[in-house]
1. Based on Cβ point charges of +1 for Lys and Arg and -1 for Asp and Glu, what charge dipole magnitude is obtained for region 401-458 about its Cα centre, in debye rounded to the nearest 20?
2. In the structure shown, do any of K275/K481; K398/K477; K297/K398; K183/K270; K258/K476 have a Cα-Cα gap over 31 Å, and if so which?
3. Can you tell me, using C-alpha contacts under 8 Å and at least 6 residues apart, the relative contact order of region 46-182 as a whole percent?
4. Going through region 108-188, which GluC sites (Glu not before Pro) have at most 12 other Cβ atoms within 10 Å and a DSSP loop state?
5. What part of the accessible area of region 71-171, given as a whole %, is carbon or sulfur when the probe is 1.4 angstrom?
6. Could you order E494, E338, E382 so the one with the most accessible surface comes first? Probe is 1.4 Å.
7. When the solvent-accessible surface of protein heavy atoms is calculated with a 1.4 angstrom probe, in what order do R400, R410 fall, highest first?
8. Please list, in chain and number order, the residues 5+ apart from I491 or on another chain whose amide H is under 5 Å from its amide H, with Hs placed from the backbone.
Amino acid sequence: MSASANTPEPDRHAPPATGPGPIPAPEVTATRSGDTAAELRRARRDNRELATRNTKLVELLTASRRKLATLNEQLEQLAAPPSTYGTYLEPTPGLEETCAEVFTSNRRMRLAVSPLIERSELVPGARVRLGEGAQVVEVCGFDDSGEMAGVTEVLEDHRALVVDTTGEERLVRLAGPLLTGGKPPRPGDTLLVDTRAGYAFEIIPKTEVAKLALEEVPDVTWADIGGLDDQITRIRDAVELPFTHPELYRTYNLRAPKGVLLYGPPGCGKTLIAKAVANSLSERIGDGSRSYFINVKGPELLNKYVGESERQIRLIFERARELAGEGRPVIVFFDEMESIFRTRGTGVSSDMETTVVPQLLAELDGVESLSNVIVIGATNREELIDPAILRPGRLDVKIRVQRPDRTGAREIFHRLLHDNVPVAGDPATLIDNAAEYLFRPRPFVELTYLDGGTQVFHYHDFVSGAMIANIVDRAKKEAIKDHLAGRTDGITDEHLARAIDAENAENEDLPNTSNPDAWSRITGRPGARVTGVRVLDTAV
């Protein structure tokens with residue numbers, strides 16, 4: 001076989017060769033380019049995922065580092081010695097920037113101050129924390145709990161004289177809040193104190209005078225008082241004229257009375273009159289200002305510690321002078337006056353009145369003026385009050401508040417059964433019938449005197465304004481019960497009659513019938529000795 005027979009025949013349709021080597025096929029090149037792009041996208045996606053994962057790992061490591069640091073700090077605090085607290089007193093003279101005087105562990109110490117503390121925060125009386133080396137490392141504010149003491153006198157050099165609950169006097173310094181709070185303490189205030197460190201920190205909003213007094217004008221007018229026209233006229237002339245016409249008093253060189261005594265049986269309106277005086281003065285001054293009414297209840301002044309009652313009387317009058325300095329009248333009302341200002345020498349054990357009475361006399365007659373201050377006392381045992389208090393120049397005006405008569409009882413009924421109270425029938429007729437029934441003759445007790453004479457008292461001899469008010473309240477309750485039962489609509493004569501009978505049966509105003517001496521006072525004949533008492537009628 002020849003060589004030409006084994007050689008393939010050349011392709012007539014193929015393009016001529018232009019260079020050495022084989023020519024790649026187009027399909028193979030496109031496939032390789034697509035694989036490269038896909039790998040690039042996968043690489044980028046993997047890179048982003050790794051970056052995100054790396055960021056989360058960094059955040060987790062940071063949080064773990066912070067938590068570890070917190071745990072280490074807590075461990076260090078647990079291992080650290082306990083902190084000691086003290087009270088900052090004052091900077092050390094000559095070493096103000098580095099040292100301070102501190103009261104701690106019941107002793108005064110000179111300690112170093114950390115340079116990290118702001119010096120403006122170190123105010124006398126502030127609580128400070130001490131470090132391991134007994135240096136001041138932190139300012140922790142002021143104490144908000146502890147002992148309380150009453151202020152008796154405030155001194156000029158930021159100090160105050162206080163009395164604790166045991167009656168012991170102490171001298172304390174005023175801490176930062178009392179110096180920068182805008183309202184300095186005054187006698188009678190209650191302070192929070194640290195007696196060991198010798199500092200007072202704040203005013204407790206509760207004064208000793210506030211416990212005994214209400215400095216607000218009562219909402220009682222003269223129109224609310226019935227059956228006491230003569231007494232009202234006398235007290236208005238004595239109390240209101242000096243304030244409403246002061247120029248006339250100066251013209252006639254007449255001074256206003258220092259005090260008024262209201263005495264008489266209980267429940268007849270003595271306290272109401274005192275309240276109406278304060279209310280009337282606040283309306284008649286004319287400049288729009290109001291008067292002050294300090295209501296002092298006698299028994300609340302009593303204190304088992306020697307000198308405490310006298311101190312509280314002194315505080316009351318100091319407060320009254322302070323309020324009167326504003327140019328407004330001040331009424332100091334002593335209710336149940338006989339309970340504390342008894343005749344000296346009549347005490348059974350302590351003879352407290354031997355010092356309390358002179359204290360009141362000193363306040364009334366002292367060198368300190370009582371201008372714009374009027375003292376009003378109320379009592380139903382005027383014979384027990386020390387005569388030195390009742391003399392002219394102290395309690396100048398003495399007004400007896402009598403029991404209401406038939407006319408006075410009608411006036412009281414009119415004020416209680418006003419137009420807003422439902423009544424059955426004509427109100428005027430209802431009131432007249434009630435007054436007649438109340439004052440009908442009904443003997444109650446017969447008294448026999450030492451001279452042999454006798455005197456019969458009726459139930460109406462013991463009528464009072466408080467008793468009439470209670471009768472009206474009883475009648476209202478009876479009318480409500482009948483209204484609910486559908487029997488009547490309003491107060492009737494029968495309701496008032498039943499109420500009067502019930503009040504007579506339960507009248508607590510009557511003294512003990514087994515004690516004749518008690519009757520000699522209520523008969524109006526205190527000098528006549530009662531030797532016998534005979535009850536005539538107790539049936540209602």
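1. Values: 6 positive and 8 negative charges, 17 e Å.
Approximately 80 debye in magnitude.
2. Working: K275/K481 34 Å; K398/K477 38 Å; K297/K398 20 Å; K183/K270 37 Å; K258/K476 42 Å.
The pairs that break the limit, which is 31 Å between Cα atoms, are K275/K481; K398/K477; K183/K270; K258/K476.
3. On the way: 182 pairs, mean separation 20.2, N = 137.
Relative contact order, region 46-182: 15 percent.
4. Values: sites: E118, E121, E132, E138, E147, E153, E156, E168, E169; in loops: E118, E132, E156, E168.
Those satisfying the criteria are E118, E132, E156, E168.
5. Using a 1.4 Å probe with all protein chains present, region 71-171 comes out at 50 percent carbon and sulfur.
6. Numbers: E494 115, E338 20, E382 50 Å².
The most accessible residue leads, giving E494, E382, E338.
7. Values: R400 80, R410 60 Å².
Most to least solvent-accessible, the answer reads R400, R410.
8. Placed amide hydrogens put V423, A424 under 5 Å from I491.
The values are calculated or read from the model by the stated rules, or taken from the named source; none is laboratory data. No experiment lies behind these values; they were computed from the predicted model shown. Cβ: placed from backbone, ideal geometry, glycine included. Neighbour counts: every protein chain shown. These area figures cover heavy atoms from the full protein model, side chains too; ligands, DNA and RNA do not enter into them. Shrake-Rupley method; radii C 1.70, N 1.55, O 1.52, S 1.80 Å.
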